[in-house]
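The values are calculated or read from the model by the stated rules, or taken from the named source; none is laboratory data. These numbers come from a predicted model, not from an experiment. Cβ placement follows ideal geometry from the backbone for every residue including glycine, while neighbour counts extend to all protein chains displayed.
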Amino acid sequence: MKRRSSGGRGEGSPSGVRVLLADDSDLFAEEIRRVLEADPHIQVVGRAVNGEAAVTMTARLRPNLVVMDVVMPVMDGLKAIQRIMADQPTPILVMTSDARGESGELALEATRRGALDLVMKNVAYPSPEQEEALRSRVRFLARVPVVRHQARRKSASPMPAPTVLSGGGVRVVGIVASTGGPAALATLMEALPPGLNASIVVVQHLPTGFAESLAEWLGHVCPLEVRVARGGEVLEPARVLVAPDNRHLVVRPGGRVVLTEDPPCKGFRPAGDVLLGSLATAYGKEALGIVMSGLGSDGSQGLLELRRAGGRTLAQDEATSLIFGMPQAAWECGAVERLVPLGEMAEAISTFVGSAPASCGSAIP
């Protein structure tokens, strides 16, 4: 992971996590305080009841993490996140009570404006395991270095590139992402050319309920059609399919989409290893696999299978990845041809696909 200055936040106990809550709901604020402070190393240092107060209190209290709702009075969460990331860069975890529709899209837009991750709100946590999962997420995100969001980061691969990008003939692109992925996907999708002569299939790790909102949100910026995948359909060029909630997405020979309830892989369903492994079998050298920002190693094994099958393989470089864990794991196991800066990823996809225009409505055979 990149090392960036945290700006001196969280003075005091070196192992403590100082959290600012930003939510106008008394009921939720008390519940989240109870859950977090069950860990003696997590301290809720303040609560903001609107976005404007969140900006002011972040600058004054300098927390390690802000836990923020997106719908608040006076100043909404999106504007507050934008101000915080411009003036006092701080890790932000967004919570929303509804993953679908406008609320879900607002939460995803928050990641584009600088929030690190998002989770569903619970007024009452139903199990100790779910409470600990939230505390674990808070402890991890509080350690993620952040920068001023509008600053352009240097784009450079941290390791030597073994190959030169060249090609044509790729018909299917499989993309896997996790933490930091929604914002990276939006940047990539926005830069894709209209009429791309390949189908794109996406596995993005998100809390259950967000798949439909992710597809709609990406569809606002992408020149291609974007929607949630349906079992039994056939891949088509110039279309982006997003894996649905809690289902593995498998592509069979002939481009047929199969959705399964097989056990999670590396803790995830949908899983990138499953998608990319299926592309290795179904398309081989006519497939391109990409692993983007995320924690852990999902996608690395599937990408390796794809490379061994003659497919092309890329991963997002360290300088532009919010979390370099998944790309690094794929690189270290020998699955990646080249690490590519996010700003160059769309061009790399176009290079591997080639310039032939898509045939409107024709399925990939």
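Structure above, values below:
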| quantity | calculated |
| --- | --- |
| Verdict on Asp245 being closer than 28 Å to Val119 by Cα, touching a His at 6+ places or on another chain (Cβ under 9 Å) and either in a loop (DSSP other than H, G, I, E, B) or at pLDDT 95 or above (or both) | no |
| Selection count where residues are more than 24 Å from Asp117 (Cα to Cα) and charged (D, E, K, R), scope the stretch 302-325 | 4 |
| Matching option when the condition is among the small types (Gly, Ala, Ser) and surrounded by fewer than 17 Cβ atoms within 10 Å (Cβ to Cβ), among Gly272, Gly232 | Gly232 |
| Selection within the stretch 39-56 - more than 13 Å from Asp69 (Cα to Cα) and in a strand (DSSP E or B) | Ile42, Gln43, Val44, Val45, Gly46 |
| Selection status of Leu306, part of a helix (DSSP H, G or I), of a type outside the set (D, E, K, R), closer than 23 Å to Pro341 by Cα and in contact (Cβ under 8 Å) with a residue 40 or more places away in the chain | yes |
| Sole exception among (1) of a type outside the set (Lys, Arg); (2) in a loop (DSSP other than H, G, I, E, B); (3) surrounded by fewer than 19 Cβ atoms within 10 Å (Cβ to Cβ) for Ala319, by number | (2) |
| Members of the stretch 227-242 that are closer than 15 Å to Val172 by Cβ and of a type in the set (Lys, Arg) | Arg239 |
| Members of the stretch 238-260 that are without any contact (Cβ under 8 Å) to a residue 60 or more places away in the chain and within 26 Å of Gly325 (Cα to Cα) | Val240, Leu241, Val242, Ala243, Pro244, Asp245, Asn246, Arg247, His248, Leu249, Val250 |
| Filtered residues of the stretch 201-237 (kept if touching a Lys or Arg at 6+ places or on another chain (Cβ under 9 Å), closer than 29 Å to Gly325 by Cα and touching a residue at least 60 places away in the same chain (Cβ under 8 Å)) | Gly209, Phe210, Glu212, Ser213, Glu216, Trp217 |
| Residue in the stretch 315-329 that is under 24 Å from Glu216 (Cβ atoms) and touching a strand residue (DSSP E or B) at 6+ places or on another chain (Cβ under 8 Å) present | yes |
| Yes/no for Glu261 being modelled with pLDDT of 95 or more, within 23 Å of the chain's Cα centre (by Cα) and surrounded by fewer than 15 Cβ atoms within 10 Å (Cβ to Cβ) | yes |
| Residue list for the stretch 188-228, filter: assigned to a loop (DSSP other than H, G, I, E, B), out of contact with any Ser or Thr (no Cβ under 8 Å at 6 or more places or on another chain) and either farther than 17 Å from Leu288 by Cα or outside the structural domain of Thr260 (by TED's automatic domain parsing) (or both) | Pro194, Gly195, Leu206, Pro207, Thr208, Gly209, Phe210, His220, Val221, Cys222, Pro223, Leu224 |
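To keep it simple, each residue is scored yes or no on (1) more than 18 Å from the chain's Cα centre (by Cα); (2) modelled with pLDDT of 95 or more; (3) buried (at least 19 other Cβ atoms within 10 Å of the Cβ).
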| site | (1), (2), (3) |
| --- | --- |
| Val147 | no, no, no |
| Pro162 | yes, no, no |
| Val170 | yes, yes, yes |
| Thr187 | no, yes, no |
